[in-house]
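The values are calculated or read from the model by the stated rules, or taken from the named source; none is laboratory data. Keep in mind that what you see is a predicted model, and the values were worked out from it rather than measured. As a convention, Cβ positions derive from the backbone with ideal geometry for all residues, glycine included, and neighbour counts pool all protein chains shown. Only protein heavy atoms, including side chains, enter the accessible area calculation; ligands, DNA and RNA are left aside. Shrake-Rupley method; radii C 1.70, N 1.55, O 1.52, S 1.80 Å.
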Amino acid sequence: MTRIPVEHPRYESLMTRESVVEGVQMGITSRQGLIAQGRGETFDYLLGERTIATAAYAERAAVALLLLAQNPIISVNGNTAALVPGTIVSLSDMTGAMLEVNLFHRSDARIHKIIRHLKSHGAVNVLGSKGNARLDINHDRAIVDEGGIYGADVVLVPLEDGDRCETLVNMGKIVIAIDLNPLSRTSSSANVSIIDNITRAIPNMVQFAKDMKNNKIDELESVVNSYDNNKVLSSAMYEMSEKLKNMSIERGIEWI
Ligand code: PTJ
């Protein structure tokens, strides 16, 4: 791993990159995952690399949905496994949602490596190796476990592609996405779109789960019923456009 000095102004972002690179070296993250991370970084830069208020609002509603669900599932891909292995296991423990490995660039070897990686971070049972059911899409993300994503009522899909998100919504499932791009097909088709970096979103969700796990059902339902996903998407775009405007002014570019 490249040594990054703690005082480097881009320390956190550079360390996150190192985690994805390490994921590739360990064989859990796809090489395409490096490109996906770079795309995410661009949107994160425009957000100011922080959890905006409406992202926290979406994260709280997402946790309420996971706590209310009968059969909640957290889908894990190669980037998620590299970036947040410990906290995704904690979120699963706190909410009762099972972890299922589901890959776009699927190989049995990578599925098993990710399962082992999650277990080394404390997971007891990880789904995804059976692949005994299929969603109606024509790529490998279609391959799921019958007792997992296929039968789930609520699914958390971090860094997802639009096809599967839309398919899961069309199957009547409640879909929670984590995606820094508010204009992606995933963000616009999910029921709850968390526009935040997964490295901040999952720890925030663990904290919300700690705070809410003893809440009564009607309290959780009221969080869900008052939730407005359009507000989340439009405010992320507003924050990005404000950031662009303010940075342009700071750099002496006239905003006309
Ligand atoms: O491990 P696999 O084989 O399942 O592949 C995983 C990737 C991520 C490579 C695959 O799903 C993929 O190609 O995804 P896309 O289509 O590039 O979409 C990823 C989305 O996640 C993009 O909209 C990115 O902006 C966003 N994104 C990238 N990094 C982050 C992110 N969102 C939140 N946090 C991030 N760190």
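Quick notes on this one:
- Leu180 passes every criterion in (1) touching a residue at least 40 places away in the same chain (Cβ under 8 Å); (2) touching a Leu at 6+ places or on another chain (Cβ under 9 Å); (3) outside any loop (DSSP other than H, G, I, E, B); (4) within 15 Å of the ligand (Cβ to nearest atom) apart from (3).
- Residue match in the range 196-210 (condition: in a loop (DSSP other than H, G, I, E, B) and within 11 Å of the ligand (Cβ to nearest atom)): yes
- The test for being more than 9 Å from the ligand (Cβ to nearest atom) and under 15 Å from Glu160 (Cβ atoms) does not hold for Ile52.
- Members of the range 28-38 found to be touching a residue at least 60 places away in the same chain (Cβ under 8 Å) and surrounded by fewer than 15 Cβ atoms within 10 Å (Cβ to Cβ), listed by number: Gln32
- Subset of the range 143-163 (residues that are within 16 Å of the ligand (Cβ to nearest atom), farther than 21 Å from Ala201 by Cα and either in a loop (DSSP other than H, G, I, E, B) or at pLDDT below 95 (or both)): Asp145, Gly148, Asp163
- Criterion: within 13 Å of the chain's Cα centre (by Cα) and either more than 30 Å from Ala133 (Cβ to Cβ) or surrounded by 21 or more Cβ atoms within 10 Å (Cβ to Cβ) (or both) - qualifying residue of Arg200, Arg251, Arg164: Arg200
- Note on the range 167-193: residues that are open to solvent by 40 Å² or more (accessible area, probe 1.4 Å), of a type outside the set (S, T, N, Q), out of contact with any Phe, Trp or Tyr (no Cβ under 9 Å at 6 or more places or on another chain) and farther than 22 Å from Ala236 by Cβ amount to 1.
- For Ile4, the criteria (1) of a type outside the set (Phe, Trp, Tyr); (2) more than 10 Å from the ligand (Cβ to nearest atom); (3) under 18 Å from the mean Cα position of the chain (by Cα) hold in every case but one, which is (3).
- Screening the range 95-141 for residues that are within 16 Å of the ligand (Cβ to nearest atom) and on the phi > 0 side of the Ramachandran plot and picking the one that is surrounded by the most Cβ atoms within 10 Å (Cβ to Cβ) gives Gly128.
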